[in-house]
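A quick write-up on the structure given underneath.
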């Protein structure tokens, strides 16, 4: 499979380990390609408005420290997709294989970019705000390692699911953010021109 897409904007999903700043790359790809960035985190936060029809379900999950129910998540995503955008960059979902299977039922995904990094890189890129929140570098390291362990337990089934579909692009983050961005563009066969980018064929790897 060469990763080519129909005559529309690309429909890509970004997944990845904690601390890889996936949201930042999604925003930059969105601007480059001229398609919207759909962030599940942002969609869910919008429902924290007391006047939202899903407010109670969302706020109960948030207050209890639980994941927002999948039926709510996909209701929000389906509603957003009904706006008829010509392509998108989606991040924040799927987190489980079940979510990946449900996602396939409501929209065609062309490519899944899987951001990976070493523990050393993740610690280096950890934000100053996180350091201030936890109070010390050892606490940050412990917190990030815990997040990485939890993520890895869930991620393998998602990675295997898309790998079997030949839609998974593993991208290893290393070096400065600017270098990583250039490396990502090269891996996706993207140029700075949005027109060229939309007609490119992303490189797929298992």
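The values are calculated or read from the model by the stated rules, or taken from the named source; none is laboratory data. Please read these numbers as outputs of a predicted model, since none were measured by experiment. Virtual Cβ from ideal backbone geometry, glycine too; neighbours counted across all protein chains shown.
Do the conditions hold for residue 156, that is, is it crowded, with 17+ Cβ neighbours inside 10 Å, at negative phi and modelled with pLDDT of 75 or more? In short, no.
I'd like to know if the stretch 169-177 contains one or more residues that are modelled with pLDDT under 90 and touching a strand residue (DSSP E or B) at 6+ places or on another chain (Cβ under 7 Å).
yes
Filtering 183, 175 for residues that are part of a helix (DSSP H, G or I) and more than 17 Å from the chain's Cα centre (by Cα) leaves a single hit, 183. Considering only residues in the stretch 54-100 that are farther than 13 Å from residue 40 by Cα and touching a strand residue (DSSP E or B) at 6+ places or on another chain (Cβ under 9 Å), the one that is surrounded by the most Cβ atoms within 10 Å (Cβ to Cβ) turns out to be 100. For the stretch 50-60, a tally of residues being closer than 20 Å to residue 38 by Cβ and free of Cβ contacts under 8 Å to residues at least 12 places away in the same chain returns 2.
Restricting to the stretch 101-116, count the residues that are in contact (Cβ under 8 Å) with a residue 12 or more places away in the chain and surrounded by 13 or more Cβ atoms within 10 Å (Cβ to Cβ). Result for the stretch 101-116: 11. Taking residues in the stretch 33-48 that are in contact (Cβ under 8 Å) with a residue 60 or more places away in the chain, and partners anywhere that are assigned to a helix (DSSP H, G or I), the pairs with Cβ atoms closer than 8 Å and at least 6 places apart or on different chains are 33/194; 33/197; 33/198; 34/194; 34/198.
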